[in-house]
Each structure stands twice: as C-alpha cells, then as structure tokens.
Amino acid sequence: MPTISQKGLLMPQSPIRKLVPYAEKAYQEGKVVYHLNIGQPDIKTPEVALDAVKVHSLDILAYTRSEGSDGYREKIAAYYNNHDIKVTKEDIIVTTGGSEALLFAFGSIMDTDDEIIIPEPFYANYNGFSTASGVNIVPVISKIEDNFALPPIEEFEKLITPKTKAILICNPGNPTGYLYSKEEIQKLAAIVKKHDLFLIADEVYREFAYDGVSHYSIMQEESIQEHAIMIDSVSKRYSMCGARIGCLVSKNKQIIATALKFAQARLSPPTLAQIASEAALQTPQSYFTDVIDEYVDRRNTLISELEKIEGVKVAKPKGAFYCIVELPVKNSDDFAQWLLENFDVNGETIMVAPAAGFYSTPGVGLNQIRIAYVLNKESLVKAVNILKEALKVYKD
C-alpha cells in the first residue's frame, strides 16, 4: 500500500477544531454548547461588503491578477497610509487569507531546516505552516505571570544560530491578546537589523486595541524596511472570516517578487471576495468604535467572572479577543473533552481550546486553555459559570 508522507504525518491537528466531533455528539444529545474555542466573531459583517457582492455587474467570474486587483490594492494602500504605514500597491500581494500570506512569507525567505523564532504561546497554525514549509520553530516562552509580554531580548539573542532566518510575532496576539508596545517593536527591530534577519508581524487584529493604547506596526519602523514583512486579513477586522482574503505587505522588492511567484502558482485570489473586501474599506469609523466598545465590555465581563473562580489564573488582554486561562487541572485536553462528553449545567456546556496546541515546547501549557470572547455578555457569564461548576467536580 502506498505510504503517506512524513510531512503529512507530522502535520499537527488544530487544537481549535479537533474537539468538533465531541461537540457534534453533544448537540445530538440535545445539549447547548457555548463556543469559546474559535475566533469566529458574532459581529455582523458590514452591509457595504455584502451588498457589493449582491449587486456586482460581472458577466464572467474571471481570474484576477495573481497579486490581486489593482483597484483593491490601491485602496488597501490608502487604508494603510491612513494608519501611518507608508506603502503603495506595489508593496502588497493579495492572498487567500492571512494563512496563505504566511505560507508565501515562509516559502520566500526560508529553506528546509531553516529556523524561525516565535514567542509562545502562538497561533496554533504557525506549527502547521512550519511543518508544511519544512522549517523549524524555535520558541521563546512568554509567561502568564508577565501577561505574556515580549520576553527579554537577550532570550531571543541566545537562540539565534546560522540557521535563523526570521522572528515572527502576532500583534495583538492570538492566543494571548497581548498588544506589543512601540518600545517592544523597536527592540525587535534592533535585533533583526543587528543579525540581518527578517521580522514578520501577523497584524490581523490591528483594530482591536483597548484601553486607549494604539497599535504600532513594524511597518512604521523605517530602519527595517528591508527586513519587515506584514501579514494582514479582512477576517476579523470586518467579521469576514469566510471571505478568505488577506495580504502580504513589504517594502522589500525581492520579497514581493518572490512571493508573487508563489501567488502565480495558485493563479489568483478569489474574485467575489476581493469585491467584498474592497467595498469593506468604505466601512465607517463608527462601526469600529461600536465593535471595540462591545469587545471591551465582553473582555471586562469575562475577566471579572473568571477571577471569581478559585485556582484560576488569567492574563488580561489589551487587544484581539482572546485570553489564556490557567486552570487547576493537569491536562486541559482531557478536561475539554470531558466537558463535552460528560458534563453540563441544565443541558448546557462549553467548548474551549486546550492551550498546549499553541506551544511548540512539549509539555508546556497543559493546564491552560484559550478562550475567545466572541459571544455576547450574557452567554459569557453562563459559560464561565459552567466552567466554575465543572471545576468543582472534575477529577484528573
């Protein structure tokens, strides 16, 4: 019998989605499941984006340019310039989601067995992207006690080898919600310049910055224009996860030229989704103001309720819509499965994401979960109460 590739065997399962069969079984048993496991916002997509698809005048659903349509890239560039990120359409390649942008970035700058340093915990699919690209993640651990702030820059320096090609951050962070300060970004800029590395920033949650703190992009650091690669997406900003439109942005012409070859190999990003994404750029600021206010309320409600549970530790996020929660359990994978299979409060239970999948260091994060606060406040209160009652009776 033909065999599966070693790469395929090594591809990790998603810690966010692997519990889906247990959730489906819970549904079949008539249970209500509160989904705290996945960053699918319940905020409505801007009508202007949906309307653009409904009223389009296309006669043929044709390919677009491999780098994305000129009109859309021009408007993305204008959006960035309004955020003090000085780029042109020539610095942008439209991708099928931020995921493809990351795969293009990995393929453009790293060869087999090269290394990329990433503060962990990190977005779980970084593990999958590295496996698919044949490169190795070298983790530098951030700690819940420090609210998952950037580890000391000396810790990065210790990990740099001749194989190191890049540092990757997510800002604001998934799964931590940590928002890097301008000073932290400048420290990273200094080290990539010193060691001639690339700095990749996954900035898909840029708009979600709280408590009066502004997001600071790596693209605002002019000293590292040849080193900086920004990853972006419409998924969270406009609650358009299903559009699958993202982009790779860099002032480094070689990176853009190389990434374009990967883009040409997959032909083009989806046409209708680009139409919707281009229209979404017309979304009024009031939309974001309302969304941010809603997420701040949700965050405050969630953190307040979690802090009432004995033995639970939680980091307070400054951005995105996730937080890491440390539980008084030995293995959150087992706990998460038990919640779906064996526990409910009046026919209701919760689905959480075990946090070990957001680390690459074996054995780390086993007692942690990620919670996405993408539910309304009433549902969040109910969900945390279910967690509290579950911890009272759960036995490792």
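The values are calculated or read from the model by the stated rules, or taken from the named source; none is laboratory data. All of these numbers come straight from a predicted model, not from anything done at the bench. Neighbour counts are summed over all protein chains in view; Cβ atoms, including those assigned to glycine, are modelled from backbone coordinates with ideal geometry. Side chains included, ligands, DNA and RNA excluded: accessible areas come from the protein's heavy atoms. Shrake-Rupley method; radii C 1.70, N 1.55, O 1.52, S 1.80 Å.
Residues are listed down the side, and each one gets a yes or a no for (1) buried (at least 17 other Cβ atoms within 10 Å of the Cβ); (2) touching a residue at least 12 places away in the same chain (Cβ under 8 Å); (3) not aliphatic (A, V, I, L, M):
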site	(1), (2), (3)
Glu145	no, no, yes
Glu157	no, yes, yes
Pro172	yes, yes, yes
Gly177	yes, yes, yes
Tyr180	yes, yes, yes
His195	no, yes, yes
Phe198	yes, yes, yes
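If you check Arg244, Arg266 for being at positive phi and at pLDDT 95 or above, only one passes: Arg244.
Of the set (1) free of Cβ contacts under 8 Å to residues at least 60 places away in the same chain; (2) of a type in the set (A, V, I, L, M); (3) farther than 21 Å from Lys330 by Cα, all apply to Val381 but (1). Scoring Lys193 on the criteria (1) under 30 Å from Asn37 (Cβ atoms); (2) among the charged types (D, E, K, R); (3) in contact with a Ser or Thr (Cβ under 7 Å, 6 or more places away or on another chain) leaves a single failure, condition (1).
Look at (1) over 30 Å from Val345 (Cα atoms); (2) open to solvent by 50 Å² or more (accessible area, probe 1.4 Å); (3) touching a strand residue (DSSP E or B) at 6+ places or on another chain (Cβ under 9 Å); (4) not polar (S, T, N, Q) and you find that Val32 fails only one, number (1).
The residue that is nearest to Lys388 (Cα to Cα), among those in segment 276-314 that are within 20 Å of the chain's Cα centre (by Cα) and of a type in the set (Ser, Thr, Tyr), is Tyr295.
Find the helices (runs of 4 or more DSSP H) located wholly in segment 11-116 whose residues include 1 or more that are under 16 Å from Ser250 (Cβ atoms), and list them.
Numbers: elements: 20-28, 47-54, 70-82, 97-109.
By residue number, 70-82, 97-109.
No other residue among Ala336, Ala315, Ala320 is open to solvent by less than 10 Å² (accessible area, probe 1.4 Å), modelled with pLDDT under 95 and within 23 Å of Met351 (Cβ to Cβ) apart from Ala315.
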